[in-house]
Amino acid sequence: MECVHDQNCSIHIGEGAVSLADDIPLRQEDRNCIILCEENAADLILPILGDRCPNLRKQPLYYLNAREQDKQVSSLIPLWKAWETDGIDRRTLVINIGGGVLCDMGGFAASVFKRGIPFVNIPTTLLSMADASVGGKTAVNLDETKNVIGTFSRPEAVLIDPVFLETLPEKEFLSGMAELIKMQWIANPDFSIDRTEECFSSRAMLSDLLLSAIEQKARITAMDFKEGNIRKILNFGHTFGHAFEALALKRKQKITHGEAIAHGMTCELYLSWLMTGFDRGKFETCSAWIRKHYGIFQFSRHEIPDLIAYMKTDKKSIEGKVYPILLPAFGQCRFTQAVPESLLEKTLSAYPFF
Ligand SMILES: NC(=O)c1ccc[n+]([C@@H]2O[C@H](COP(=O)([O-])OP(=O)(O)OC[C@H]3O[C@@H](n4cnc5c(N)ncnc54)[C@H](O)[C@@H]3O)[C@@H](O)[C@H]2O)c1
């Protein structure tokens, strides 16, 4: 098992990591512990938790509907009321177990309840293992606008155990792979498209890819926890990706976070070619690769103004100016270059023809 330190948060990665949670109720002499589990996958997740952590079976269990459409402040009010009724206070540690939506919602719920109670994340999807459970960002959406209400609050620990991946549908696996590939493209100058395909098709390389993504994220967040500068590069693909997710939410259409980010990466690489000289041939190969594995996000010309409006409400936008992350090359990122609206429009108009 590997351990990565993200300031005061220890991230344990590998088979058996979830068993470390069994000690939590024993270690906490003056603290209580509760479990917050996502409702949707509870029948898959809880038997594994109960089997690996018998001491947790006796702890109070709360459920949360944690689909993307539930990721709103209003969904947390009944949970906070229940916690209040049950006497949950700052001596209580919350164990969040579920996918990225649950980690974001549970982390946010804990980080503002009584001005902040401690929590531990046990991510159960590849995407939440690779990204959402680590780095200390918690959030809910505001209607369709993604993650605009949230806190910077690190969990005490993150326990990443591949045992949960055994039940993960292929679509969700692909979603997590998009974030893992994103991390290589932004942080690894030697990463080629051949290597991308190799990593993608070989599950044997998954643990290395996961460890590398977590180490990189911990390294970057240590430099800039509150995303004042360098941490912004982790949002490569997210300016367009979040706009696609917002449009999908509005249409009540299902799209995974990773799919949206993959389409966003294609658009931001196109902009990188236009604005920073990212190699044209490489852009075409990357875009064909994304299309092969993630297809295309369908939208009409009439929806382009809506997509641009979503980008302007993105957290990274300043005074209506949009700052997608641009890559002059793999392993190099620019995050301070505002992109004129005409180029956003050009990119979205060209996207179906990439
Ligand atoms: N805070 C951050 O830094 C950060 C980073 C990246 C993404 N995110 C957020 O993460 C969310 C996406 O997370 P996600 O992709 O995990 O989606 P998700 O939480 O919706 O989970 C995807 C699906 O997998 C199911 N599931 C969970 N565990 C399972 C298991 N072990 N077996 C089978 N099915 C299981 C869930 O019920 C759900 O249907 C987005 O809301 C995104 O904004 C946050």
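The values are calculated or read from the model by the stated rules, or taken from the named source; none is laboratory data. Keep in mind the model is a prediction, meaning the values are calculated, not measured. Quick reminder, even Gly has a Cβ in these numbers, built from the backbone with ideal geometry, and neighbours come from all protein chains shown. Quick note on the areas: whole protein, heavy atoms, side chains included, nothing else; ligands and nucleic acids left out. Shrake-Rupley method; radii C 1.70, N 1.55, O 1.52, S 1.80 Å.
Worth a mention:
- Other residues whose C-beta falls under 14 angstrom from the C-beta of Phe330 contribute a net charge of 0, scoring Lys and Arg +1 and Asp and Glu -1.
- Probe 1.4 Å, all protein chains present, accessible-area order of Tyr351, Tyr294, Tyr323, largest first: Tyr323, Tyr294, Tyr351
- Antiparallel DSSP beta bridges within the chain, as percent of all bridges there, nearest 5: 40
- For Leu343, the solvent-accessible surface with a 1.4 Å probe is about 40 Å², rounded to the nearest 10.
- Accessible surface of the chain, 1.4 Å probe: 50 percent of it comes from carbon and sulfur atoms.
- Diffusion coefficient of the chain by Stokes-Einstein, Kirkwood radius over Cα pairs, 20 °C, 1.002 mPa s: 104 µm²/s.
- Taking other residues whose beta carbon is less than 12 angstrom from the beta carbon of Met129, and scoring Lys, Arg as +1 and Asp, Glu as -1, yields -3.
- Sorting the segments 194-207, 11-24, 105-118 by their mean number of nearby beta carbons within 10 angstrom, highest to lowest, gives 105-118, 11-24, 194-207.
- More than 20 angstrom apart: percent of Cα pairs within the stretch 155-250: 47
- Degrees between helix 280-294 axis and first principal axis of the chain (Cα, 0 to 90, nearest 10): 50
- Probe 1.4 Å - accessible area at Val73, Å² to nearest ten: 50
- Spatial separation of Cα centroids for the stretch 10-56 and the stretch 221-256, in angstrom: 29
- Listed cross-link partners Lys137/Lys292; Lys146/Lys254; Lys171/Lys346; Lys182/Lys226; Lys137/Lys182; Lys217/Lys254 are compared with a 22 Å cut-off, the Cα-Cα value being larger for Lys137/Lys292; Lys171/Lys346; Lys217/Lys254.
- 3J(HN,Hα) along the stretch 249-262, derived from phi through the Karplus expression 6.51 cos²θ - 1.76 cosθ + 1.60 where θ = phi - 60°, amounts to 4, 4, 7, 6, 9, 8, 9, 7, 4, x, 4, 4, 5, 4 Hz, with x in place of Gly and Pro.
- Net charge of neighbours whose Cβ lies under 12 Å from the Cβ of Ala157, counting Lys and Arg as +1 and Asp and Glu as -1: -1
- The Cα atoms of the stretch 15-93 give a gyration tensor whose axes a ≥ b ≥ c have a/c of 1.5 or more with a/b no greater than b/c, which makes the shape oblate.
- Per-bin percent of Cα-Cα distances, the stretch 2-167 [5 Å]: 2, 9, 20, 25, 23, 15, 6, 1, 0
- Two-decimal Rg to Rh for the stretch 171-353 - Kirkwood Rh, Cα set: 0.94
- Acute angle (nearest 10 degrees) that the helix 341-350 long axis makes with the longest principal axis of the chain, alpha-carbon atoms: 90
- The Kirkwood hydrodynamic radius of the stretch 205-279, based on inverse pair distances between different Cα atoms, is 14.0 Å.
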